[in-house]
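Enquirer: First, the structure itself, so that you have it in front of you.
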Amino acid sequence: MMTTTTTTISQHNFYGAGDSETCISIIENLKEEYGLFVWPCSVILAEYVWQHRSRFRDSSILELGAGTSLPGLVAAKVGANVTLTDDATKPEVLDNMRRVCELNKLNCNVLGLTWGVWDAPILDLRPNIILGADVLYDSSGSGHHLIEFLMVKWGLKCVKLLDGFSFLPSQKASVLSGNIQLVEIVLSSQNENQQL
């Protein structure tokens, strides 16, 4: 049986005060592969990065589970040094990430990262901001408690919780659905004023 796939290029526009605006082009493959299409959480996180671009400029950023890489590409567009990661066992996703970087004329490092496998390239990274859109999933429905347990275990704390639609421009919010929360997490021992 032959499977057909549809590849498209979607345009994601970001507008700011005055005449500041940018557009990111994303190559999407609409087959059922998680990392090859833009998820609503990515749109929301990318908009957050754009609206807070001064916080991201000149930062070292690691995007986990980047997939089509929209939030990381916005960060790179505003002047961050970005490493995009996704599952090392999905070469089609990593190749697409490289093509999207080329399409947008952005120089991002693309790195395969498999959850739980820690090797030299990962240990050498020293990001001061880690982005992740829709990277935690728990089909049992107990994910909230799992996240709380891991935050305590790793010395993390939540310093901001936003409804993802509260800052999204109306033209973007009208085409998205769901209950999407944006969470800012920091190391418990660090000064909150220095964090994202």
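The values are calculated or read from the model by the stated rules, or taken from the named source; none is laboratory data. All values derive from a computational prediction rather than experimental measurement. Every residue, glycine as well, gets a Cβ built from its backbone with ideal geometry; the counts of neighbours run over all protein chains shown. For the accessible areas, the whole protein counts, side chains as well, though only heavy atoms, and no ligand, DNA or RNA atoms are used. Shrake-Rupley method; radii C 1.70, N 1.55, O 1.52, S 1.80 Å.
Enquirer: Tell me, what HN-Hα J-couplings in whole Hz come from the Karplus equation 6.51 cos²θ - 1.76 cosθ + 1.60 at θ = phi - 60° for each residue of the range 9-17, using x for Gly and Pro?
Expert: So the J values, rounded to whole Hz, are 10, 9, 10, 10, 9, 10, 10, x, 5.
Enquirer: How much mean residue ellipticity at 222 nm does the chain get from its helices, if each DSSP H run of length 4 or more adds -39500 (n - 2.57) and you divide by all residues, to the nearest 500 deg cm²/dmol?
Expert: Taken over the chain, the calculation gives -7500 deg cm²/dmol.
Enquirer: If packing is taken as the average number of other Cβ atoms within 10 Å across a peptide's residues, how do 71-79, 35-43, 54-62 rank, most packed first?
Expert: Those peptides, ordered most packed to least, come out 71-79, 35-43, 54-62.
Enquirer: Pairs on different chains or at least eight residues apart, Cα atoms closer than 29 Å: how many lysine pairs in the chain fit?
Expert: 12
Enquirer: Taking the chain as a Gaussian network, Cα atoms linked when under 10 Å apart, which of N29, N13, N96 shows the biggest mean-square fluctuation?
Expert: N13
Enquirer: Enter the accessible area per residue of the chain (Å², integer; probe 1.4 Å; all protein chains in place).
Expert: 59
Enquirer: Another question, if that's okay. Only Cα pairs under 8 Å and at least 6 apart count here; give the relative contact order of the range 7-187 as a rounded whole percent.
Expert: The value is 18 percent.
Enquirer: Select from E102, E148, E184 the residue whose mean-square fluctuation is largest in a Gaussian network model of the chain (Cα-Cα springs shorter than 10 Å).
Expert: Between E102, E148, E184, it is E148 that shows the largest mean-square fluctuation.
Enquirer: Tabulate in residue order the Karplus-calculated ³J(HN,Hα) for the range 82-98, using 6.51 cos²θ - 1.76 cosθ + 1.60 with θ = phi - 60°, rounded to whole Hz; enter x for Gly and Pro.
Expert: So the Karplus estimates, Gly and Pro as x, are 10, 10, 9, 10, 7, 3, 5, 8, 10, x, 5, 6, 5, 5, 5, 4, 5 Hz.
Enquirer: Name the long-range amide H neighbours of I129: under 5 Å, sequence gap of 5 or more, or other chain; modelled H, no Pro or chain starts.
Expert: For I129, the qualifying residues are S60, L62.
Enquirer: Under the Karplus relation 6.51 cos²θ - 1.76 cosθ + 1.60, θ = phi - 60°, what is the ordered set of whole-Hz ³J(HN,Hα) values for the range 159-164, x standing for Gly and Pro?
Expert: With coefficients 6.51, -1.76 and 1.60, one gets 10, 8, 9, 10, 5, x Hz.
Enquirer: Apply the a/c threshold of 1.5 to the C-alpha gyration tensor of the range 7-187 and tell me whether it is rounded, prolate or oblate.
Expert: rounded
Enquirer: Compute the distance in nm between two label points, each set 7 Å from the Cα along the Cα-to-Cβ direction, one at D95 and one at S10.
Expert: So the label points at D95 and S10 sit 2.2 nm apart.
Enquirer: Please build a GNM for the chain, connecting alpha carbons under 10 Å apart, and tell me which residue among T85, T68, T114 fluctuates the most.
Expert: T114
Enquirer: Assigning unit charges at the beta carbon (Lys, Arg +1; Asp, Glu -1) and nothing else, what dipole magnitude in debye, to the nearest 20, does the chain show about its Cα centre?
Expert: The dipole of the chain has a size of about 360 debye.
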